Amino acid sequence: MIAGIGALVALGFVAGAFYWMRARGGQALPLPEVVSPEPPGFREALGENPPPNARNGKPLPATKTKKNAPPAEMEPPLKTGEVLNYTADVAKLENVATLTLKVAGHGTFLGKNVWHLQAMAHTLKPLRIVFEVDDQFDSYSDARTLASLQYEMRLNERGQKVQSIQRMTPTAREPAPPDATAARVLPGTRDPLGFMEFLRTTDWNNTRQVSSPVYDGHKLYDVRAKLGSASVAVGVPAGDYRATKIEIHVFENGVESKDAYFTLYLANDAARTPVLLEAIMPFATARVALLKDQKLD
C-alpha cells in the first residue's frame, strides 16, 4: 500500500485496522529486536563510510529532472550506526505503531560496495491485541547509486510468519542462491529503503524532480518525487525543524495510483534526516514522525 516508501508498508495495514477502532491509549510492549544473519558473500567494511570512489561517481541512474539533466551530486549523508525512531499516528489516534530505520552497516556484496539498510515496524496496544505486527526489512544497496542488489522481508503478522529474500537481477542471468528468489527488475531499480536514502542524497537545491523504478517485493513501480518547498517549518516529537518538502507520486504501468498520496520532509541539516512522512489514503490520514529518542551510534 505504501510502495515507494517501503518499510512503511506495514503502516498501511495498521491504518486499515485502526480505522475501525475507536479506542485510544495503551503502552508499547517490550519487543526484542530481530537479528538476522548477513547474507553469504557480504563482508563488513573496516571503516564507517565507503571509499571516495564509491561515493563520488557518475550521476545516479534511472533519474530524471525537470530539464532532463542529471541531478547535482552530493556525498551521501549515510553513516553506519545511524538509528532513527518514529511514531505513527492514524486519523486522530496517536502512537499506533513504531518504526525504526537503521544504517546497519557498510561492506561489499556480490563484488560491490553496499549499504546494509534496515527497518523494523511494530504495532502497539490496543491495536496490537487484535493486529500484531512485527516486521523487519533489510536492503543491500549499491553505495553510490543505492540500486538494490538484495531485498529481504521478514514478516510476522497476526502470528503468521513469512520470509522473502529477493535477489535483484536486470538480466535474469544471475542465478539466485537456494534461499532466495530472483526478481527481474529494470537497471537501476531501488527497493523502498534504498529509495528513501536516495531522496536524502539528492541535491534538492538544484533539482526539481527525480524518478526511479522501485520494487517493493511484490510489484515494480515508477516512483516520482517532486520538490514542493525548499524550506518549511515542521514540528515533530523530536523538535522543530526547517525542512525540504518532497511530494511523492506512485505510478503503475504508466498510471498514477489514486489510492494514496505521500509527502516527505527532510531536515535542512547535514544529515538531511527524514523527520516526517504524511500519507493521505482513502480511509485515513497517517503521520509518521521522528521521536525524541533519535540517536546516532
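General observations
- Of all residues in segment 267-282, those that are buried (at least 21 other Cβ atoms within 10 Å of the Cβ), under 21 Å from residue 205 (Cα atoms) and in contact (Cβ under 8 Å) with a residue 60 or more places away in the chain total 4.
- Taking (1) under 18 Å from residue 216 (Cβ atoms); (2) touching an Asp or Glu at 6+ places or on another chain (Cβ under 8 Å); (3) among the β-branched types (Val, Ile, Thr) in turn, residue 114 satisfies each apart from (1).
- Near pairs, Cβ below 6 angstrom, 6+ apart or cross-chain, from segment 172-184 (within 15 Å of residue 39 (Cα to Cα)) to any residue that is part of a loop (DSSP other than H, G, I, E, B): 182/176
- Subset of segment 233-250 that is surrounded by 15 or more Cβ atoms within 10 Å (Cβ to Cβ) and without any contact (Cβ under 8 Å) to a residue 40 or more places away in the chain - its residue that is farthest from residue 274 (Cα to Cα): 249
- Residue satisfying condition, being surrounded by fewer than 21 Cβ atoms within 10 Å (Cβ to Cβ) and under 25 Å from residue 144 (Cβ atoms), within set 291, 227, 199, 264: 227
- Any chance residue 258 is out of contact with any strand residue (DSSP E or B) (no Cβ under 9 Å at 6 or more places or on another chain), surrounded by fewer than 19 Cβ atoms within 10 Å (Cβ to Cβ) and either in a strand (DSSP E or B) or of a type in the set (Lys, Arg) (or both): yes
- Residue match in segment 169-191 (condition: acidic (Asp, Glu), over 19 Å from residue 99 (Cα atoms) and surrounded by 16 or more Cβ atoms within 10 Å (Cβ to Cβ)): no
- One residue stands out among those in segment 179-189 that are in a loop (DSSP other than H, G, I, E, B), out of contact with any Phe, Trp or Tyr (no Cβ under 6 Å at 6 or more places or on another chain) and among the hydrophobic types (A, V, I, L, M, F, W, C): the one that is nearest to residue 143 (Cα to Cα), which is 186.
- Test: residue 99 is in contact with a strand residue (DSSP E or B) (Cβ under 8 Å, 6 or more places away or on another chain), touching a residue at least 24 places away in the same chain (Cβ under 8 Å) and under 22 Å from residue 262 (Cα atoms): yes
- Every residue from segment 125-148 that is crowded, with 20+ Cβ neighbours inside 10 Å, over 15 Å from the mean Cα position of the chain (by Cα) and among the hydrophobic types (A, V, I, L, M, F, W, C): 127, 133, 143
- Some residue of segment 221-238 being modelled with pLDDT under 95, part of a strand (DSSP E or B), within 22 Å of residue 106 (Cα to Cα) and not acidic (Asp, Glu): no
- When segment 114-138 is filtered for residues that are assigned to a strand (DSSP E or B) and of a type in the set (A, V, I, L, M), the ones remaining, listed by number, are 114, 117, 119, 120, 121, 133.
- Members of segment 134-173 that are polar (S, T, N, Q) and over 21 Å from residue 104 (Cα atoms): 160, 169, 171
- Matching residues, segment 139-178, being of a type in the set (A, V, I, L, M, F, W, C) and part of a strand (DSSP E or B): 149, 153, 155, 162, 165, 168
- Selection within segment 118-135 - of a type in the set (Val, Ile, Thr) and free of Cβ contacts under 8 Å to residues at least 60 places away in the same chain: 129
The values are calculated or read from the model by the stated rules, or taken from the named source; none is laboratory data. As the structure is a computational prediction, the values presented were derived from the model and not from experiment. Because the Cβ atoms are built from the backbone with ideal geometry, glycine has one as well, and the counts that use them run over all protein chains shown.
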